[in-house]
Amino acid sequence: MDTQLMPASKSSRSDTLMVFLPGAFLHPDEFEREGFVSAVRERDLAADVLLVHADVSYYYDQTFIERLDADVLKPQRASGYKNIWLVGISIGGFGALIHELARPGFVDGIVALAPYLGRRPLGAEIHKAGGLRAWKAPTGPLPDEEVDRKLWPWLQQYADSKHAKQKQLPPLYLGFGLADRFASNHKLLADALPSDRVFTTEGGHDWPQWSKLWKKVLDVLPVPALGQAMPRPAMRPMAIAA
């Protein structure tokens, strides 16, 4: 996966890295164009930003987790980042969640904006059962292609805050438009999360809504201010994606 690193400061290095995962058929540069990076800078947050070209093809051929792990997260952790947040939009949000499902404990937090959460019939099944807290997750082995049937039981753990803390689940922040085409599934997840980690806005599944939601999330995200950044050590410059 190609990446582009955007440091918070030229003279200091942050301990925190925000890894941005785009939606299907979106280019990572759009995070900058739509104000996601500037929103971080306007709040003087000590967070370096990494734009990742996580093409939708990685999901189709089921190599997303492997490539994100090997090409992005492990190298960045090895470079010295103590806190890594995944910020994903739409299928990028799905990618952030399934990575944590497959590689538990590797990241320190997740922001999922309008995430794809799987097939609507499964969401309808959960809704019919009375919501995520009441739903009985399937038992036994599941086919690899039924990732959503593996994901929802993992998400269900967030409904029990004590259990989530014991399992050391990363904090999960959810944002979505009330008219989003995936909103029915978003609401199922929202009901299982603390209210202060759920954000909504009017509108559907597009950049204007995602930008509003990102600003709301940033205002409460537990990320240090620039004054707390550590001196940047001498490092080899990262390759910038074409």
Could you please tell me which pairs satisfy a Cβ distance under 6 Å, a separation of 6+ or placement on different chains, a first residue in region 88-117 that is in contact (Cβ under 8 Å) with a residue 60 or more places away in the chain and closer than 17 Å to Gln62 by Cβ, and a second residue that is assigned to a loop (DSSP other than H, G, I, E, B) and aromatic (Phe, Trp, Tyr)?
Ile91/Tyr116
Within region 41-66, restricting to residues that are closer than 28 Å to Pro222 by Cβ and assigned to a helix (DSSP H, G or I), the one that is farthest from the chain's Cα centre (by Cα) is Glu42
Checked region 162-192 for anything modelled with pLDDT under 90 and either surrounded by 13 or more Cβ atoms within 10 Å (Cβ to Cβ) or of a type in the set (Asp, Glu) (or both); matches are Ala164, Lys167
Determine whether region 5-20 contains at least one residue that is among the charged types (D, E, K, R), buried (at least 17 other Cβ atoms within 10 Å of the Cβ), at pLDDT below 95 and farther than 20 Å from Leu68 by Cβ.
yes
Answer yes or no: is there a residue in region 133-147 that is surrounded by fewer than 17 Cβ atoms within 10 Å (Cβ to Cβ), within 16 Å of Glu100 (Cβ to Cβ) and at pLDDT below 95.
no
Which one is surrounded by the most Cβ atoms within 10 Å (Cβ to Cβ), of the residues in region 39-77 that are closer than 18 Å to Ser12 by Cα and small (Gly, Ala, Ser)?
Ala47
Among the residues of region 101-128, count how many are surrounded by 19 or more Cβ atoms within 10 Å (Cβ to Cβ) and part of a loop (DSSP other than H, G, I, E, B).
6
Test: Ser79 is of a type outside the set (Phe, Trp, Tyr) and free of Cβ contacts under 8 Å to residues at least 24 places away in the same chain
no
List every residue pair whose Cβ atoms lie under 9 Å apart, where the two residues are 6 or more positions apart in sequence or sit on different chains, the first residue falls within region 8-32 and is at positive phi, and the second residue, located anywhere, is of a type outside the set (Asp, Glu) and assigned to a loop (DSSP other than H, G, I, E, B).
Phe25/Val56
Restricting region 85-100 to residues that are closer than 15 Å to Val147 by Cα, of a type in the set (A, V, I, L, M, F, W, C) and touching a helix residue (DSSP H, G or I) at 6+ places or on another chain (Cβ under 7 Å), the one surrounded by the fewest Cβ atoms within 10 Å (Cβ to Cβ) turns out to be Ile98
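The values are calculated or read from the model by the stated rules, or taken from the named source; none is laboratory data. Here the structure is a predicted model, which is why all the values come from computation and not from measurement. Don't worry about glycine lacking a Cβ; one is built from the backbone with ideal geometry, like all the others, and counts go over all protein chains shown.
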